[in-house]
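Every read-out reported here was derived from the displayed coordinates using simple, explicitly stated rules and does not represent laboratory data. What you are looking at is a predicted structure, and each value in this text was computed from that prediction instead of being measured. All Cβ positions, even for glycine, are placed from backbone atoms using ideal geometry, and neighbour counts span all protein chains on display.
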Ligand code: 8IG
């Protein structure tokens, strides 16, 4: 029988403490498509560890997803914060199962984090949000048909994306819009009809990662901040076809602005 997810996460956290020399982390950040450059703006890198040296992590097959775990020190008024940056995320569409998808989040909790910042690159449905617009996730619609939870785990998902943390973000950047994130399984982008469907269901953003991670994070007891970067207008919204290269380029351009905002948010947690 395979190892239980919590036990694997505990082993990963112990190895991470060993490799980084940081016994306890306070906040974890999962950096999605195009967000990697934001890591450099967060603070002082204390240690960088290839994800492959930590139990349960595997190499990502997606260009732009860096398979590194980084410990970053962020100076704040009340003392330093230790941020754990998860530069490698496993997507559900990779077919490695929901345990692999949730492992980073569970490791963050086992490493001592009480807060997790889930970022992603996504498609936007609102034509007034051009590529490069950061959007706070206010809620999600899980269209994957999957769950990271096993067994009769009837957890509550009210205020899943913490209104307290969203308010802190808006102290830092008052004009930040919020929206509902719909997770599709992927890896193909949506058809225009699927994007219209998502809009009618109440979605403002479409992506392939964050909903399943947020569910796992809530189960693990983490307070969750979700921030999407609109890297492209969703299919059919602009009439232009989607390209992964465009997505990466938008992320790089926006990383500067959004990275320093996130650092300031972490200082205020
Ligand atoms: I970056 O348009 C990125 N990720 N589902 N749709 C979905 N995921 C995405 C998109 C998009 N852009």
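Results, tabulated for the structure shown:
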quantity	calculated
Whole-Å distance, taken between Cα centres, linking the range 159-188 and the range 1-22	29 Å
Label-zone membership for the range 172-187, site residue 268, 7 angstrom Cα→C-beta point, backbone N under 20 Å	172-179
Contact order relative to length of the chain, as percent, for alpha carbon pairs under 8 angstrom and 6 or more apart	27 percent
Potential lengthening between residue 154 and residue 11 on full extension [0.36 nm per residue; Cα-Cα distance subtracted]	48.9 nm
Potential extension, residue 73-residue 260 segment - 0.36 nm per residue separation minus Cα distance	65.9 nm
Helical mean residue ellipticity (222 nm; -39500 (n - 2.57) per DSSP H run of 4+; nearest 500) of the chain	-10000 deg cm²/dmol
Listed residues 172, 258, 135, most fluctuating in the chain (Gaussian network, C-alpha, under 10 Å)	172
Taking 212, 8 and counting other C-beta atoms within 10 Å, the order from fewest to most	8, 212
Residue of 39, 216, 14 that the Gaussian network model of the chain assigns the largest fluctuation, springs spanning Cα pairs under 10 Å	14
Cβ-based exposure ranking for 24, 68, in which fewest neighbours within 10 Å come first	24, 68
Volume per residue of the C-alpha convex hull in the range 5-268, rounded to whole Å³	112 Å³
Full-stretch length increase - residue 141, residue 196 - with 0.36 nm per residue and alpha-carbon distance subtracted	18.4 nm
Degrees between helix 244-267 axis and first principal axis of the chain (Cα, 0 to 90, nearest 10)	50 degrees
Global geometry of the range 7-162, whether rounded, prolate or oblate, following the gyration tensor of its Cα atoms and the 1.5 cut on a/c	rounded
Centre separation in Å (Cα based) which lies between the range 215-269 and the range 83-150	10 Å
DSSP bridge orientation in the chain - percent antiparallel, rounded to nearest 5	40 percent
Order of 107, 115, 133 - criterion: other Cβ atoms within 10 Å of each residue's Cβ, fewest first	133, 115, 107
Cα coordinate range in the range 158-269, projected on the principal axes (Å, largest first)	40, 32, 22
Most fluctuating residue given options 159, 204, 26, as computed from a GNM of the chain linking Cα atoms under 10 Å	159
